[in-house]
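Below: one structure, written as structure tokens.
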Amino acid sequence: MANIPAHIVDDIMQASRIEEVIGEFVSLKRAGSNLKGLSPFTDEKTASFVVSPAKQIFKCFSTGKGGTVVTFLMEKEHFSYPEALKWLANKYQIELPEERAPTQEELDKASEIESLYIINEFAKNHFSHNLWEETEGKSIGLSYFLERGFSKDTIEKFQLGYCMQSGQDFTQTALTKGYRKEYLEKLGLVKSKDDRQFDFFSGRVLFPIHSVSGRVLGFGGRTLSSDKKVAKYFNSPESIIYNKSEILYGLHYSKGDIIKYNNCFLCEGYTDVISMFQAGVKNVVSSSGTSLTKQQIKLIQRYTQNITILYDGDAPGIKASFRGIDLILEEGMNVKVVLFPDGEDPDSFAKANTQADLESYIEEHTQDFVSFKSDMLLSDTKNDPVKRSTVIKDILHSVSLIPDQITRTVYAKDLQERFQIEETVIQLELARLRNETVASQNILDSRLKESFIKTPETKTIVLKDEFKIKYDFAEFDLMRILIKYSTVVVNVDHLNDKNEIEKIETSVCELICHELHKDEFTFANPILSRIHRIISEGLAKNEFYKTSYFLRMEDQEIVKIISEIESDDVEISHNWFSKYNIDTNLEIDKIDYAVLSAVYSFKICKIEEKLRAIRSEIVRAEKEEEMDNLVIALSEQIKFEKIKRLFSEKLDRILY
């Protein structure tokens with residue numbers, strides 16, 4: 001990987017906007033939540049090239065090419081894998097280590113970063129287990145969330161949890177598991193005092209904070225105590241992996257809907273996001289109680305140019321957040337504002353109203369920032385000319401931050417009419433403020449573009465027989481299920497020690513890997529076999545790899561397969577249920593059936609492959625009159641026909 005550490009590759013992949021990079025080569029137009037254009041790899045008249053900003057992958061249906069932004073640069077510009085990463089690092093101003101072997105210090109840092117991620121994942125699972133399985137967790141933590149109006153599905157989706165009141169539960173469990181005290185303390189999960197360790201989040205409900213790719217970076221912990229001396233929220237301290245100014249709560253879940261509706265609702269707290277999401281408005285994120293930062297705005301800008309800020313009725317809090325509006329304007333984005341009624345916030349309002357009422361309220365009460373800021377600030381001037389002048393200058397300053405001249409001119413016209421001030425005065429003041437703004441900015445625009453000519457690949461067309469097509473499909477479908485639903489829990493029959501069948505819960509990943517290992521089956525396709533081996537090795541270490549893990553790999557054959565699986569999703573409109581009360585039947589709704597069907601279809605194909613080889617051996621032995629080999633082959637045929645019949649019966653039993 002040209003000595004680029006894994007965490008730097010992570011940074012590059014998260015910073016890169018595939019639609020922005022590909023947009024330099026292909027004219028893209030929006031098509032739902034995706035973008036479409038003419039293939040850059042072949043001549044075509046009908047657009048078949050699709051880019052998914054939410055999943056950060058592309059698919060060319062004309063040529064079959066697909067993958068990440070790195071794959072695109074390798075295909076289009078003929079970059080090597082390291083060259084593509086360097087190009088992206090340069091474009092997004094990410095510093096790369098020098099071209100040399102990594103020092104021990106750098107290796108230790110990379111190891112520490114990965115260890116912190118692993119511990120946070122363990123903590124998330126532990127807190128979730130407490131909430132759902134432990135008596136205290138259910139009676140206190142789960143009851144609190146349910147009383148707040150969150151459904152069990154919502155609680156599971158946002159991976160909410162609970163830390164026991166004893167103060168030692170998580171600490172002792174983590175140390176027993178072998179996790180280093182030093183790392184537990186760096187993450188803020190464990191605190192030390194007088195040689196004694198204790199749980200930092202003791203007695204609190206937990207909100208895991210995810211990266212865009214879904215890795216757990218930290219936690220927000222809310223106290224359930226009524227003691228006003230106790231801080232309402234504790235948050236994880238900043239660490240190598242968690243910088244709160246660069247994170248937006250909920251973005252991992254909402255990025256697809258932000259792209260789909262080309263707008264991002266921005267609110268303040270964790271529960272605001274969760275309640276809005278549960279109410280059906282899913283293009284929402286939260287700054288988690290911190291002041292909005294430029295990094296957070298740039299994060300939203302990866303998915304849309306439009307931000308709508310949702311405010312509750314706290315006027316002082318609103319005025320304190322005006323700096324955030326200026327930052328949004330400075331980035332050239334469009335900002336609008338919605339003010340909820342006194343005493344209401346997005347959380348309470350979403351719970352008290354239907355999705356239709358919530359959407360109607362937002363639509364009817366959305367204001368542009370000039371109107372909103374004018375109304376808020378002018379209410380305190382009491383017609384004082386000096387105060388009124390100060391307010392107008394404040395608003396003009398905000399307008400001067402907008403990079404686009406036409407947009408500034410439109411707002412200037414609005415200000416002229418609103419405040420009855422001569423156009424010349426407005427324009428002169430705006431020009432002065434704009435000059436000050438431009439002078440204070442440090443604009444860097446450096447790009448690296450290199451082309452490397454490689455010999456085009458020669459393609460060999462191989463005609464497949466019917467069995468080969470069926471076999472290939474069974475392999476790919478099983479891998480699709482394995483990747484797409486890896487951590488989903490299914491209920492399966494299990495023969496216990498008393499020879500009785502009982503239902504057990506297991507993950508899709510564990511079930512499929514167990515079934516293949518049990519019968520000593522593997523994938524014939526070498527790429528699928530490599531993916532299966534990686535998953536199995538991860539499982540042995542109790543690690544479940546997400547699609548983002550595979551999409552970051554240097555092995556572009558694996559990246560292409562994962563992209564194929566990721567681009568397979570069908571987008572279902574929420575209107576089917578909300579408007580027409582029609583419950584669409586998705587694969588996830590019958591996941592037990594889908595998994596077992598894929599497993600036994602795969603096994604039957606494996607047996608059929610063996611039988612084809614045996615039949616060829618029988619024909620050969622008969623022709624050569626090799627009676628001993630013929631008898632062996634016939635007995636093998638009988639054995640595998642019985643196994644095939646057994647698998648077929650199991651497949652028939654799960655069909656419905």
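The values are calculated or read from the model by the stated rules, or taken from the named source; none is laboratory data. Treat the numbers as computed from the prediction; the structure is a model and nothing was measured. Cβ placement follows ideal geometry from the backbone for every residue including glycine, while neighbour counts extend to all protein chains displayed. Just so you know, the surface numbers come from the protein's heavy atoms only, side chains and all, with ligands and any DNA or RNA stripped out. Shrake-Rupley method; radii C 1.70, N 1.55, O 1.52, S 1.80 Å.
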In terms of the Cα gyration tensor, with a ≥ b ≥ c the square roots of its eigenvalues, is the range 27-67 rounded because a/c is under 1.5, prolate because a/b exceeds b/c, or oblate? oblate
For Lys336, other-chain or 5+-apart residues with amide H closer than 5 Å (H placed, Pro excluded) are Ile307, Thr308, Ile309
Antiparallel versus total DSSP beta bridges in the chain: what percent is that, nearest 5? 75 percent
Would the range 31-138 count as rounded, prolate or oblate if I go by the C-alpha gyration tensor, calling it rounded below 1.5 in a/c and otherwise prolate when a/b exceeds b/c, oblate otherwise? oblate
Might you tell me the accessible area per residue for the range 89-182, computed with a 1.4 Å probe and given in Å²? 55 Å²
The summed charge of the Asn263 Cβ neighbourhood (under 15 Å; Lys/Arg +1, Asp/Glu -1) stands at +2
Taking each pair of different alpha-carbon atoms in the range 151-224 once, compute 1/r for the pair, average those values, and report the inverse of that mean as the Kirkwood hydrodynamic radius in Å to one decimal. 13.2 Å
Once fully extended, how much extra length lies between Thr354 and Gln168, figured as 0.36 nm per residue of separation less the alpha-carbon to alpha-carbon distance? 62.8 nm
Relative contact order of the range 163-258: what whole-number percent is it, with Cα pairs under 8 angstrom and at least 6 residues apart? 24 percent
Relative to the first principal axis of the alpha-carbon coordinates of the chain, what is the inclination of helix 526-540, with its axis defined by its Cα atoms, in degrees from 0 to 90 and to the nearest 10? 70 degrees
In deg cm²/dmol and to the nearest 500, what is the mean residue ellipticity at 222 nm of the chain if only DSSP H runs of at least 4 residues count, each as -39500 (n - 2.57), divided by the residue total? -16000 deg cm²/dmol
Residue pairs, from the table Lys138/Lys590; Lys55/Lys560; Lys282/Lys351; Lys55/Lys298; Lys610/Lys639, whose Cα atoms sit over 20 Å apart: Lys138/Lys590
Could you check the simple spin-label distance between Gln405 and Thr366, using points 7 Å along Cα→Cβ, in nm with one decimal? 2.9 nm
State, to one decimal in nm², a quarter of the convex hull surface area for the C-alpha atoms of the range 70-133, i.e. the direction-averaged projected area. 7.1 nm²
For the chain, the longest principal axis of the Cα atoms and the Cα long axis of helix 251-261 enclose an angle in degrees, to the nearest 10, of 80 degrees
Karplus (6.51, -1.76, 1.60) ³J(HN,Hα), θ = phi - 60°, over the range 342-347, in Hz, Gly and Pro reported as x: 3, x, 10, 9, x, 4
Counting pairs of alpha carbon atoms under 8 Å apart in space and at least six apart in sequence, what relative contact order in percent does the chain give? 9 percent
Taking protein heavy atoms only, a 1.4 Å probe, and rounding to whole percent, the accessible area of the chain owed to carbon and sulfur comes out at 50 percent
What accessible area per residue, rounded to a whole number of Å², is obtained for the range 220-311 using a probe radius of 1.4 Å? 38 Å²
Could you list which residues have their amide H under 5 Å from that of His210, counting only those 5 or more apart in sequence or on another chain, with H placed in the peptide plane? Leu217, Gly250
Considering Cα pairs under 8 angstrom that are at least six residues apart, work out the relative contact order of the range 25-66 and quote it in whole percent. 28 percent
With Cα coordinates, the longest principal axis of the chain makes an angle with the long axis of helix 385-400, in degrees rounded to 10, of 30 degrees
Cubic angstrom per residue, convex hull over Cα atoms of the range 243-372: 94 Å³
Please give me the summed charge of the neighbours of Ser286: other residues whose Cβ is under 12 Å from its Cβ, Lys and Arg +1, Asp and Glu -1. -3
